[in-house]
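Data block below; observations after.
The values are calculated or read from the model by the stated rules, or taken from the named source; none is laboratory data. Predicted, not measured: the structure shown is a model, and the values here were computed from it. Glycine also receives a Cβ, built like all others from the backbone with ideal geometry; neighbour counts cover every protein chain displayed. Just the protein is used for accessible areas: all its heavy atoms, side chains included, with ligands, DNA and RNA removed. Shrake-Rupley method; radii C 1.70, N 1.55, O 1.52, S 1.80 Å.
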Amino acid sequence: MNTVTSKDGTRIAYDVYGQGPAVILVDGATASRAFGGSAALAQRLAREGFSTYAYDRRGRNESGDTQPYALGREIEDIEALINQAGGAANLYGISSGGALALEAAAALGRKVNKLAVYEVPYMGVDPARVPAREIFTRTKQLVREGKNGEAFAEYMGKVAGLPEEMLAGMKQAPFWPMMEAVAPSLVYDATVMFGRDFTTQKELLEQITVPVLAISGDVDMLPGVDTSFMATAAQAIAKMVPHGKYRLLHGQSHDVDAEVLAPVLGEFYRSG
């Protein structure tokens, strides 16, 4: 494990795989180096010839969590990693991490070479899907009361759409304590997503001057949970940024296979 210190003094933990142009991976909700797909993707991208940085977003796993939280501080964390990588890097963000990566690309300008995002959950492409703001308020309140398990179920059930039976099964699983520990960071993802009303916004996307590849799969995240809006959102992102492209990965769900994704990212980052 390596660490870098963000602008506000927060220690950010990361691992680096491979040698070559730098790529920084930005995880979605609950994921970290210890849980999720970033480690596998980092190792696979290393085989594509990149120095790939997998890091723990603040409040997760081995990174610190200086209060109060602000979106700008998460962008500063990414900037600290970019500086560690030599001053400029490519970004990749998945799910709500993709939304954060878009914010970072808009704010950091030339420090970002290229940006790829996978299935950013901008539900506002179908206004009926936009979660009620009360969910954000309720999640924050549960975290303040120390009811992390309830906060996780509230957000992941009502925003991510996890069925009650799945949540019940998760509570019996060995990894449930990890989910309870990371639940406070769901407030951070909610801040990113609710801050834009879960909607693609031209005022943000038009600021991103670097090439952007917006990617989606064509398989629902879970049986009975329709996530087709994510393809629509990816296409909207590609259209709204000045230099955007859209790519569909057939046979892939929200849990995208690193063996399928890495060659696509490698081709994009290497292109002129």
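Brief remarks on what is shown
- All of 104, 85, 34 fail the test of being under 18 Å from the mean Cα position of the chain (by Cα) and at pLDDT 95 or above, apart from 104.
- Residue within the range 233-255 that is within 17 Å of the chain's Cα centre (by Cα), acidic (Asp, Glu) and modelled with pLDDT under 95 present: yes
- Selection of the range 75-91 for residues being touching a strand residue (DSSP E or B) at 6+ places or on another chain (Cβ under 9 Å) and either of a type in the set (D, E, K, R) or open to solvent by less than 40 Å² (accessible area, probe 1.4 Å) (or both) yields 77, 78, 80, 81, 82, 85, 88, 89, 90, 91.
- Residue in the range 237-257 that is farthest from residue 120 (Cα to Cα), counting only those that are hydrophobic (A, V, I, L, M, F, W, C), buried (at least 17 other Cβ atoms within 10 Å of the Cβ) and in contact with a Gly (Cβ under 9 Å, 6 or more places away or on another chain): 249
- Tally of residues being over 22 Å from the mean Cα position of the chain (by Cα) and open to solvent by 30 Å² or more (accessible area, probe 1.4 Å) across the range 139-149: 5
- Enumeration of residues in the range 51-71 that are aromatic (Phe, Trp, Tyr) and more than 23 Å from residue 254 (Cβ to Cβ): 69
- Applying a threshold of 7 Å to beta carbon distances and a minimum spacing of six or more residues, or different chains, the list of pairs starting in the range 92-115 at a residue that is open to solvent by 10 Å² or more (accessible area, probe 1.4 Å) and ending at one that is of a type in the set (Asp, Glu) reads 94/27; 94/119; 95/119; 108/79; 111/79.
- For residue 221, the conditions (1) under 17 Å from residue 99 (Cα atoms); (2) surrounded by 16 or more Cβ atoms within 10 Å (Cβ to Cβ); (3) touching a helix residue (DSSP H, G or I) at 6+ places or on another chain (Cβ under 9 Å) are fulfilled apart from (1).
- Evaluation of residue 202 against (1) of a type in the set (D, E, K, R); (2) touching a residue at least 24 places away in the same chain (Cβ under 8 Å); (3) touching an Asp or Glu at 6+ places or on another chain (Cβ under 9 Å) (one fails), failing number: (3)
- Residue in the range 116-130 that is farthest from the chain's Cα centre (by Cα), counting only those that are within 15 Å of residue 192 (Cβ to Cβ) and open to solvent by less than 10 Å² (accessible area, probe 1.4 Å): 122
- Taken as a whole, the range 220-236 holds no residue that is of a type outside the set (Gly, Ala, Ser) and closer than 30 Å to residue 66 by Cα.
- Taking the range 151-181 as the range and being among the hydrophobic types (A, V, I, L, M, F, W, C), part of a helix (DSSP H, G or I) and either at pLDDT 95 or above or in contact with a helix residue (DSSP H, G or I) (Cβ under 8 Å, 6 or more places away or on another chain) (or both) as the test, the residues that pass are 151, 152, 153, 156, 167, 170, 176, 179, 181.
- Only residues that are touching a residue at least 40 places away in the same chain (Cβ under 8 Å) and open to solvent by 40 Å² or more (accessible area, probe 1.4 Å) were counted across the range 11-20, and they come to 1.
- Hits in the range 21-42 - residues which are touching a residue at least 60 places away in the same chain (Cβ under 8 Å) and either open to solvent by 40 Å² or more (accessible area, probe 1.4 Å) or assigned to a loop (DSSP other than H, G, I, E, B) (or both): 21, 27, 28, 29, 30, 31, 32, 34, 35, 37, 40
- Residue within the range 50-57 that is under 15 Å from the mean Cα position of the chain (by Cα), farther than 24 Å from residue 160 by Cβ and open to solvent by less than 10 Å² (accessible area, probe 1.4 Å) present: no
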